[in-house]
1. Taking only segment 76-97 into account, find how many residues are assigned to a helix (DSSP H, G or I) and either charged (D, E, K, R) or in contact (Cβ under 8 Å) with a residue 12 or more places away in the chain (or both).
2. Evaluate the following for residue 84: is it modelled with pLDDT of 90 or more and over 11 Å from the mean Cα position of the chain (by Cα)?
3. Tell me, which residue of segment 8-23 that is open to solvent by less than 60 Å² (accessible area, probe 1.4 Å) and farther than 14 Å from residue 59 by Cβ is farthest from the chain's Cα centre (by Cα)?
4. Residues of segment 24-34 being closer than 20 Å to residue 14 by Cα and either open to solvent by 90 Å² or more (accessible area, probe 1.4 Å) or in contact (Cβ under 8 Å) with a residue 12 or more places away in the chain (or both), which ones?
5. Consider only pairs whose beta carbons are under 8 Å apart and that are at least six residues apart or on different chains; among these, list those whose first residue lies in segment 36-47 and is farther than 11 Å from residue 15 by Cβ and surrounded by 14 or more Cβ atoms within 10 Å (Cβ to Cβ) and whose second residue is of a type in the set (Ser, Thr, Tyr) and modelled with pLDDT under 95.
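The values are calculated or read from the model by the stated rules, or taken from the named source; none is laboratory data. This structure is a prediction, so every number in the text was calculated from the model and none was measured. Note that we place each Cβ from the backbone using ideal geometry, even for glycine, and neighbour counts take in every protein chain shown. All accessible areas refer to the heavy atoms of the entire protein, side chains included, with ligands and DNA or RNA removed. Shrake-Rupley method; radii C 1.70, N 1.55, O 1.52, S 1.80 Å.
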Amino acid sequence: RDNANQQLHHLSQHQEYKLCTYIEELTDHSLPPTRQMVQNFASGIAHVRISESWVTRFLNHHRDTLLCCYSAAMDAQRHYANSSKKYAAYFTLLHSK
């Protein structure tokens, strides 16, 4: 039974800790990974294909460290208003005042 459980984990505790740390770093840089990205990261570490259910168990196991939520899409008007030319013009005008 212990051997079967060990095969289900795919990653050691240290590897899971490092994966959590990497996910936190990405999130701190405003790049939170998707479930697919977590699956790809874990597959790369384990050198085997990790299932989606493994990702769910991993996120549930580390829910005290990792927060899982869906992000809302950016409003289209905000997306179109986000322009480096507009920002530059605004700060040029602000600086001239």
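1. 3
2. Working: modelled with pLDDT of 90 or more: no; over 11 Å from the mean Cα position of the chain (by Cα): yes.
Considered against the rule, which asks whether it is modelled with pLDDT of 90 or more and over 11 Å from the mean Cα position of the chain (by Cα), residue 84 comes out as no.
3. 12
4. 24, 25
5. 39/51
Matching residues to (1) over 16 Å from residue 24 (Cα atoms); (2) of a type outside the set (Gly, Ala, Ser); (3) touching a strand residue (DSSP E or B) at 6+ places or on another chain (Cβ under 9 Å):
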{"position": "38", "(1), (2), (3)": "no, yes, no"}
{"position": "48", "(1), (2), (3)": "yes, yes, no"}
{"position": "52", "(1), (2), (3)": "yes, yes, no"}
{"position": "62", "(1), (2), (3)": "no, yes, no"}
{"position": "80", "(1), (2), (3)": "yes, yes, no"}
{"position": "84", "(1), (2), (3)": "yes, no, no"}
